[in-house]
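Read the structure below first, then the notes.
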Amino acid sequence: MASSNSRHSRSCNHGHATGSHNDKRSCFMKWLCKFFKGRSIGESNGRRRTVTGDEDMLWHGPIRSMDDQSKAENEELDRAIALSLAEDAKNSKGARETLPNLNEQNGQGNIDEDLPKATRESLSMPPNNPYAPYNPYAPVQFLPRGYRVCGGCHCEIGYGHYLSCMGTFWHPQCFRCYACGHPIRETEFTLLGTDPYHKSCYKELHHPKCDVCHQFIPTNRSGLIEYRAHPFWGQKYCPSHEHDDTPRCCSCERMESRSLRYISLGDGRSLCLECLDSAVMDTGDCQPLYHSIRDYYEGMNMKLDQQIPMLLVERQALNEAMEGEKDGHHHMPETRGLCLSEEQTVSSIFKKPKIGANRILDMRTHPQKLIRKCEVTAILVLYGLPRLLTGSILAHELMHGWLRLKGYRNLSPEVEEGICQVLSYMWLESEVMPGSRSMPSSSTYASSSSSSSGPSLKKAGKSDIEKKLGEFFMHQIANDTSSAYGEGFRAANAAVNKYGLRSTLDHIRITGHFPV
């Protein structure tokens, strides 16, 4: 689950937009008028208390008559307001200014001159926090027009709440998720490039899901998303499915999805529905394919002079035949074909089984005694595999038979298995990509013994799914990690590409090795 864009979690700052300059000034002046008319002065032992904003300021003076007292109160009130406003201006600017001392007797402080100046400064002084809610007791803030413009609708933000995110301001209804289009009201969101997402929306879109259980792939102990992926199909799945007995297709190796059941072949193998579509299920069904591959050999001047029996068998019968074979190399851990040289009795599949309830039903087998008439007794192939995989196994085993019939003796496993894998790869290549290497395709030949083409032969046109399967089987051969089948194929394939198949076979006959 990459992207050249980085993903971040961000936070939004919430604020409240204040009114215009005139509204603030009008509100403040109304408060001043109300304050002037009010009686907020009490008497206590000859002292008068004046309440101005956040501080209580005391001013000493003699008790006078009511007329003198009223006049004195107005003067005292003016001085108190011037002192308070000047003090606020000093705190906002952070300047170290000294206001006139009301108790000074030397006349150095001129309150009448300082009052207008302090009032003007208090009205135009910006507060410490430009996003603080409006407070009538705090200095009024004035911002230029267009200072807060919404990043969504590009309109100026006036009254009401707003957000400060991603270096700009937003109306709450304009800050929306890029995926679902709904407003983001959470305090945290996910940013992909310049696009904001709800955290849940981002996870739904970009967090990888398991192709088996269809759940979000969990993180490991380090907090990282860890999953397995098939090297060819790209199927992603949780690491736990490698150990929880999740079925895997015996042909294409893809794991069974929880939403789609595989077919059980009854011998520990499972087959996906795509592979089942072209699967070869009995010996009679496989005969047209077998003869077409023999024709493919003949088209390369590699005719097999002997008629080698071919049987489609169950897994158990193939394993028993392997145990009775003295010579020969077997591809472990799974052998799907065998070229026999010994006389044996083998149980072959006589009739195509039925499929029901996700399993094979009514399997019929027939014991057949194999008598050795030449260097090769028979070719055995595992049943239930797709046509192209069955054909690649037949091409491999027929090459073993051709080498024995032509007198190639005492070859090392790397040489014999390597050149047999090359013939298997070449046949698949001719089926999937006709015309490559200038080799004939078995689909262009009509075998004399296959006048009635069976449904599994499917010579006329291959589906995209079948072609993809053929490419996968070629991928398996090219990337095999074993010494005989993997390293042997790569050495043989390099020699054939450089010198040609016929020259490579002649060199093997003489030296027992591939030409360099």
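Does segment 354-361 include one or more residues that are assigned by the TED database to the domain that holds MET474 and open to solvent by less than 40 Å² (accessible area, probe 1.4 Å)?
yes
Six or more apart or on different chains, Cβ atoms under 7 Å: show the pairs whose first residue is in segment 224-246 and assigned by the TED database to the domain that holds HIS475 and whose second is in a loop (DSSP other than H, G, I, E, B) and not charged (D, E, K, R).
Partner pairs satisfying both residue conditions: none exist.
Only one of (1) crowded, with 24+ Cβ neighbours inside 10 Å; (2) over 39 Å from the mean Cα position of the chain (by Cα) fails for SER392. Which number is that?
Only one criterion is unmet by SER392, namely (2).
As an exercise: evaluate GLU256 against (1) closer than 25 Å to LEU385 by Cα; (2) surrounded by fewer than 14 Cβ atoms within 10 Å (Cβ to Cβ); (3) in contact with a Pro (Cβ under 9 Å, 6 or more places away or on another chain); (4) not hydrophobic (A, V, I, L, M, F, W, C) and give the number of the one condition it does not meet.
(2)
Which of the residues belonging to segment 402-423 are surrounded by fewer than 24 Cβ atoms within 10 Å (Cβ to Cβ) and out of contact with any Phe, Trp or Tyr (no Cβ under 8 Å at 6 or more places or on another chain)?
LEU403, ARG404, LEU405, LYS406, GLY407, TYR408, ARG409, ASN410, LEU411, SER412, PRO413, GLU414
Could you list all residues from segment 220-243 that are over 26 Å from HIS475 (Cβ atoms) and open to solvent by 80 Å² or more (accessible area, probe 1.4 Å)?
ARG221, SER222, LEU224
Can you tell me which residue within segment 193-207, out of those that are more than 19 Å from LEU163 (Cα to Cα) and either part of a loop (DSSP other than H, G, I, E, B) or of a type in the set (A, V, I, L, M, F, W, C) (or both), is most open to solvent (accessible area, probe 1.4 Å)?
This residue is LEU205.
So how many residues does segment 464-511 have that are outside any helix (DSSP H, G or I) and open to solvent by 60 Å² or more (accessible area, probe 1.4 Å)?
Residues meeting the conditions: 2.
List, please: which pairs have Cβ atoms under 8 Å, are six or more places apart or on different chains, and start with a residue in segment 282-306 that is farther than 22 Å from GLY500 by Cβ and end with one that is among the aromatic types (Phe, Trp, Tyr) and surrounded by fewer than 22 Cβ atoms within 10 Å (Cβ to Cβ)?
ASP282/PHE350; THR283/PHE350; SER292/TYR445
The values are calculated or read from the model by the stated rules, or taken from the named source; none is laboratory data. Because the structure is a prediction, the values reported are computed rather than measured. Note that each Cβ is placed from the backbone with ideal geometry, even for glycine, and that neighbours are counted across all protein chains shown. Note: accessible area is taken over every heavy atom of the protein model, side chains too, but ligands, DNA and RNA are not part of it. Shrake-Rupley method; radii C 1.70, N 1.55, O 1.52, S 1.80 Å.
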